[in-house]
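Asker: Take a look at this one; I'll ask things after.
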Amino acid sequence: MTSPTATETVTTTGVGGSPQRPDGVRKVRGEFAYASDLWMDGMIWGATLRSPHPFARIRSIDVSQALAVAGVHAVLTADDVPGENRYGLELADQPVLADDTVRYQGEPVALIAADHPEIARQAAKRVRVNYDVWEPVTDARAALGRPTWNMLHDTAAPATKISRQSAHLHPKGNLVRHLKLRKGDPEPTADVVVVGEYEVGMQDQAFLGPESGLAVPAADGGVDLFVATQWLHADQRQMCSALRLPPEKVRLTLSGVGGAFGGREDLSMHVHASLLALHTGKPVKMVYNREESFFGHVHRHPASMRFEHGADRDGRLAYVKAEIYLDGGAYASSTPAVVGNAGTMGIGPYDVDNVAVDAWGVYTNNPPCGAMRGFGSVQAAFAHEAQMDKLAAELGMDPVELRCRNAMREGSTAPTGQLIDSPAPVEELLRRVQALPMPVDRSGELDLRAMPGGVSNTTHGEGVVRGVGYAVAYKNVGFSEGFDDFSTARVRLEIVGGEPVATVHTAAAEVGQGLETVEQQIARTELGVERVVVQAKDTQVGSAGSSSASRQTYVTGGAVKAACEAVRASLFVLVTGPTDLRLEGGQVVSASEGVVSSLAELLGDEIIEDTVQWRHRPTFPVDPDTGQGVAHVQWAFSAHRAVVDVDTELGLVKVVELACVQDVGKALNPPAVVGQIQGGTAQGMGLALMEEIVVADGKIRNPSFTDYLIPTILDMPPMQIEVLEYADPHAPYGLRGVGEPPTISSGPAVVAAIRAATGLPLTRVPVRPEHLTGM
Amino acid sequence: MRVNLTVNGVAMQADDVWEGESLLYVLRERLALPGSKNACEQGECGSCSVYLDGEVVCACLVAAGQAQGRSVRTVEGLADGERLDPVQQAFLDAGAVQCGFCTPGLIVMVHDLLQRNPQPSDPEIREALAGNLCRCTGYEKILDAVRQAAEVKAT
Ligand code: FES
Ligand code: FES
């Protein structure tokens, strides 16, 4: 079979350098094995039958016709789940296969294994499911406001069209989490008050590599799963429970991952393929197509928000009040943590004495929502940044100046009461992004390709107005609110063929961001060796936590660094004499005496290996009544400027340029950092202008790349990027997480620019042409 | 059915091909050439771009039977042994590869673009690559890669 192999490159570049990624050559040659590329002799294909209804009771399932199709090996339903038929990242509330109730359109109901993917799909159509269809609950506020009518997950649900037996999981009803935050004066006053209501549509991660994997039944009754994921050990925990197998019999290996962005934090085909493999005794491959992918992972929570900002005449914020509703859809996924982020950081990176925020995460029959890059902060940023512009206009003040007057800085107190105890250069980011040169105005030359509408030839400049907008944002790095957030690294040092070689083994998912490169760089710097092998990511080493929350370079990077330090300490024990030692260029060097020994001489045949579990500073849960507490370990900040041209007659927008300044503490790999900022910026712009899963009556209307549009190379403008490095003294190398902030600040800057161009309030994203033309 | 075709200069044969199968499926699942990618399988992303008799097509939109007797060149057939094609090298050097799922399709597309237009302007590059989605990079480094490849090829 094809499977991921250990990767190795030889370079001289450590922390702060820009070595090539170890998977790069295979990726450009088309030889890198993604999850959908896996293949094994005798393997068969799995397919999923999904509910066409957002809310229904299953009366019966008849699989006999499907089983009779030639080439079909198995058809499985909820009855075939050997363990707990409930899983979830934070709350185990989601069925592996629907038992008596389906709560969203696309919920898995049955599984088919067959010789060919098409046979499996055709057989799926022959599974007869008899549904009682109910009216779905589709509005987050209604779901809370009318709890007796809407109780999706409540035994009590006594309403007309909803059966009493329908829902029985969450006795607390449709509220997943309410975060209540209160800081300062409960009844503050202000000279100037602005109020606004805002909405954010449902965004999709739209990673290009579809959900896929290969499950191989093992002789010990267990299963080996090769899969594209973000967190092998969280998958393993949930799989063990559903399969009723101990962890040593559920072994996972990361296959090539075609992007993630939060959408692979929950299980997709993991348990399904494993069930089929264990049932048939054959290797089972599952690959979602693009349509199924839209149903196969969680999305970004849509939000409706109401903000009130009060300030004095000089623009000093007196207070901010916010109500944030996040539609979590049918199952919890990571909704509680998304609510935590939206609540604790909902007013943006500003220093405000009086704050009152309520954030709610709610169950509905809409598609389940969970992690996506920016995680709760993206939604809030559209509101808090729109409010800052609105307040600036009310005060007749420059919007950047207003932000700077209220900017959070080192020593500020966050709305949670937590001290900001590392650099927070919010003002500097804003001043710098404002000072970057403006794009050249080319409106004199007629190039259709630079016009809104492009070569569709919709305008030659008439009706086109330019606007400039700014936004700033921040994001917590790592898991917050008391989560035990750790990573494990095993590092080995040995002599191979006369040369020192370090081997790094972690379970941290390389999803494209370049983590393997960073692992190599750290080992090179800490051990002074050229050759670093990064072993395949699997569950044979302890958990690394998730490749999410901008945390892996910090936490797994920290673990690799700590494991290297442990190896180094064991190595120095072998040295007799000087104690002022370091490793450099394959040699042990003493500060006072120079080269002491080469690693080859010192180590000989000895192998030094250490495994270290590494944690960042602890965080703590917030107070349930006030939201006060030391909830976060680190924040990362970015600011954007957007320049847009808007064709006001047709409502078409051309983003002319995006500029970003971001503080990354320390850039471990500068080009990779810039790549993260560019890609994150694109996703934020996508949400501002075009990306929305359109859901009507609980059903997705656009599950394809024909109808769900992500930015193309024609949509993306040139970007100016400036990276600052103000070390965080608490973090390894002073680094800050990088991946998420640009996704948070780019979208609000784009909308601000369109507002500046058109004068329209624009309270909903994505901004559609009809919002601009008033049609 | 049986399909005979030449892939990367090698005569190949796929047996038991079902009518509805695409060229992409045959390459990936029957001929052990999974380099061409399957991001959408409906002609919207360009990740499956291959040369078919010298023209770049979306392999997911070509029925397997249509490839009978024809010549296909995929991303796996661009390098000269160990030596990468300048376009592949430029994607590496420019940092245009993150997850890399878009990369094979883009590399084939750029390979074709530079044959037709060795010195494309930025707007021309953008137009040529408008059908190739990338979710990771924001395209800036892809533009860099194309400019670098053009430069290398010119010297
Ligand atoms: S897979 Fe062929 S165009 Fe997307
Ligand atoms: S690098 Fe991931 S889609 Fe382009």
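The values are calculated or read from the model by the stated rules, or taken from the named source; none is laboratory data. Note that the structure is a prediction, hence the values are computed from the model and not measured. Every residue, glycine among them, receives a Cβ derived from its backbone with ideal geometry; neighbour counts consider all protein chains shown. These accessible areas exclude ligands, DNA and RNA; they are computed on the full protein's heavy atoms, side chains included. Shrake-Rupley method; radii C 1.70, N 1.55, O 1.52, S 1.80 Å.
Asker: Contour minus end-to-end for A:Glu770 and A:Asn702, with contour as 0.36 nm per residue of separation and end-to-end as the Cα-Cα distance?
Answerer: Values: separation 68, 0.36 × 68 = 24.48 nm, distance 1.84 nm.
Result: 22.6 nm gained on full extension.
Asker: Add -39500 (n - 2.57) for each DSSP H run of 4 or more in chain B, then divide by its residues: what number comes out at 222 nm, to the nearest 500 deg cm²/dmol? Spell out each step's value before the answer.
Answerer: Values: 4 runs with 44 residues, N = 155.
That calculation yields -8500 deg cm²/dmol at 222 nm.
Asker: Of all the C-alpha pairs in segment A:404-471, what % are more than 20 Å from each other?
Answerer: Working: 1252 of 2278 pairs.
Within segment A:404-471, distances greater than 20 Å cover 55 percent of Cα pairs.
Asker: Just want to confirm a number: the relative contact order over chain A, from Cα pairs under 8 angstrom separated by 6+ residues, in percent. Please list the in-between numbers first.
Answerer: Numbers: 2096 pairs, mean separation 121.0, N = 775.
About 16 percent, as a whole number.
Asker: Determine the shape class of segment A:314-471: with a ≥ b ≥ c the square roots of the Cα gyration tensor eigenvalues, call it rounded for a/c under 1.5, and otherwise prolate if a/b is greater than b/c, oblate otherwise.
Answerer: oblate
Asker: Another question, then. Limiting things to C-alpha atoms, what are the Rg and the maximum Cα-Cα separation (Dmax) for segment A:269-380, in angstroms?
Answerer: 19.8, 73
Asker: How do A:Ile495, A:Ile420 stack up against each other in accessible area, from largest to smallest, with a 1.4 angstrom probe? Each step should come with its number before you reach the end.
Answerer: Details: A:Ile495 40, A:Ile420 5 Å².
My answer, sorted largest first, is A:Ile495, A:Ile420.
Asker: Then there is this: State, to one decimal in nm, how far the label point of A:Ala536 lies from the label point of A:Gln613, with both points 7 Å from Cα in the Cβ direction.
Answerer: Output for this residue pair reads 2.6 nm.
Asker: By how many nm would the segment from A:Asp191 to A:Phe620 lengthen if fully extended, with 0.36 nm per residue of separation less the alpha-carbon distance?
Answerer: On the way: separation 429, 0.36 × 429 = 154.44 nm, distance 3.60 nm.
Taking A:Asp191 through A:Phe620 to full extension adds about 150.8 nm, to one decimal.
Asker: What does the C-alpha gyration tensor say about the overall shape of chain A? Classify as rounded when a/c is under 1.5, otherwise prolate if a/b is larger than b/c, or oblate.
Answerer: On the way: a/c = 1.55, a/b = 1.05, b/c = 1.49.
Here chain A falls in the oblate category.
Asker: Okay, moving on. Suppose every K and R has +1 on its Cβ and every D and E has -1 on its Cβ; what is the size of the dipole of chain A about the Cα centre, in Debye to the nearest 20? Spell out each step's value before the answer.
Answerer: On the way: 66 positive and 93 negative charges, 269 e Å.
The dipole of chain A has a size of about 1300 debye.
Asker: Let me ask you something else. What is the Cα centroid distance between segment A:251-289 and segment A:367-445, reported in whole angstrom?
Answerer: 39 Å
Asker: Compare A:Glu248, A:Glu323 by solvent-accessible area with a 1.4 Å probe and give them largest first, with all protein chains kept in place.
Answerer: On the way: A:Glu248 120, A:Glu323 65 Å².
Ranked list, largest accessible area first: A:Glu248, A:Glu323.
Asker: Nearest 100 Å² is fine: how much accessible area is buried between A and B, summed over both sides, with a 1.4 Å probe? Provide the component values of the computation, followed by the final result.
Answerer: Working: alone 27530 and 8110 Å², together 31250 Å².
That pair hides around 4400 Å² of surface in total.
Asker: Using 1/(1 + (r/R0)^6) with R0 = 25 angstrom and r between the beta carbons of A:Arg244 and A:Ala70, what's the FRET efficiency to the nearest 0.05? Write out the running numbers ahead of the final one.
Answerer: Working: r = 32 Å, r/R0 = 1.27.
Computed FRET efficiency for A:Arg244 and A:Ala70: 0.20.
Asker: Here is a follow-up. Give the span of segment A:631-765's Cα atoms along each principal axis, as three whole-Å numbers ordered largest to smallest.
Answerer: Extents along the principal axes, in whole Å: 50, 35, 29.
Asker: Counting only protein heavy atoms and a 1.4 Å probe, tell me what percentage of the protein assembly as shown's accessible area is made up of carbon and sulfur. Intermediate results must be reported in sequence, preceding the final value.
Answerer: Numbers: 15450 of 31250 Å².
Summing carbon and sulfur atoms, their accessible area is 49 percent of the total for the protein assembly as shown.
Asker: For A:Lys180, list the lysines whose Cα falls under 28 Å from its own Cα; do not include residues on the same chain fewer than 8 positions away.
Answerer: A:Lys172, A:Lys321, A:Lys390, A:Lys475
Asker: Another question, then. In nm, give the distance between the simple-model label positions of A:Leu419 and A:Arg59, each being 7 Å from the Cα along the Cα-to-Cβ direction.
Answerer: 6.6 nm
Asker: Using a 1.4 Å probe, how large is the accessible area of B:Leu27, given in Å² and rounded to the nearest 10?
Answerer: Around 0 Å² of this residue is reachable by solvent.
Asker: If you don't mind, another one. What residues in segment B:85-105 lose 20 Å² or more of accessible surface when the other protein chains are added to their chain alone (1.4 Å probe)?
Answerer: B:Gln88, B:Leu92, B:Val97, B:Gln98, B:Cys99, B:Phe101
Asker: While we're looking at this one, here's another question. Suppose R0 equals 25 Å. What FRET efficiency, 1/(1 + (r/R0)^6) with r the Cβ-Cβ distance, do A:Asp441 and B:Glu124 give to the nearest 0.05? Walk me through the numbers before you get to the answer.
Answerer: Working: r = 22 Å, r/R0 = 0.88.
Using R0 = 25 Å, I get an efficiency of 0.70.
Asker: Compute, for segment B:3-76, the length of the dipole vector about the Cα centre, with Cβ point charges of +1 (Lys, Arg) and -1 (Asp, Glu) only. Units Debye, rounded to 20. Could you put the intermediate results ahead of the total?
Answerer: Values: 5 positive and 10 negative charges, 46 e Å.
In debye, rounded to 20, segment B:3-76 gives about 220.
Asker: Using r as the Cβ-Cβ distance of A:Val465 and B:Val152, and R0 as 45 Å, what FRET efficiency do you calculate, to the nearest 0.05? Show your work: numbers first, answer last.
Answerer: Numbers: r = 41 Å, r/R0 = 0.92.
The formula returns an efficiency of 0.65 here.
Asker: Assuming 0.36 nm per residue, please report the length gained on full extension of the stretch A:His730 to A:Arg432 beyond their Cα-Cα distance.
Answerer: Numbers: separation 298, 0.36 × 298 = 107.28 nm, distance 2.55 nm.
Working it through step by step, the gained length comes to 104.7 nm.
Asker: Another question about this same structure. Nearest 20 debye, what's the magnitude of the dipole of segment B:86-154 about its Cα centre given +1 on Lys and Arg Cβ and -1 on Asp and Glu Cβ?
Answerer: On the way: 6 positive and 8 negative charges, 27 e Å.
Roughly 120 debye for segment B:86-154.
Asker: Based on DSSP H runs of at least 4 residues, each adding -39500 (n - 2.57), what is the mean residue ellipticity at 222 nm of chain A after dividing by all its residues, to the nearest 500 deg cm²/dmol? Let's see the in-between values first.
Answerer: Numbers: 18 runs with 188 residues, N = 775.
Calculated at 222 nm, the ellipticity per residue is -7000 deg cm²/dmol.
Asker: Same structure, new question: Over the Cα atoms of segment B:64-151, how large are the radius of gyration and the largest Cα-Cα distance (Dmax), in Å?
Answerer: Cα-based Rg and Dmax for segment B:64-151 come out at 13.3, 39 Å.
Asker: For segment B:3-76, state what percent of all Cα-Cα pairs lands in each successive 5 Å bin, counting from 0 Å until the bin that includes the largest distance.
Answerer: 4, 19, 33, 29, 13, 2
Asker: Straight-line reach only, C-alpha to C-alpha below 17 angstrom: list the lysines that A:Lys561 could link to, leaving out same-chain residues fewer than 8 apart.
Answerer: Straight-line reach from A:Lys561, under 17 Å: A:Lys666.
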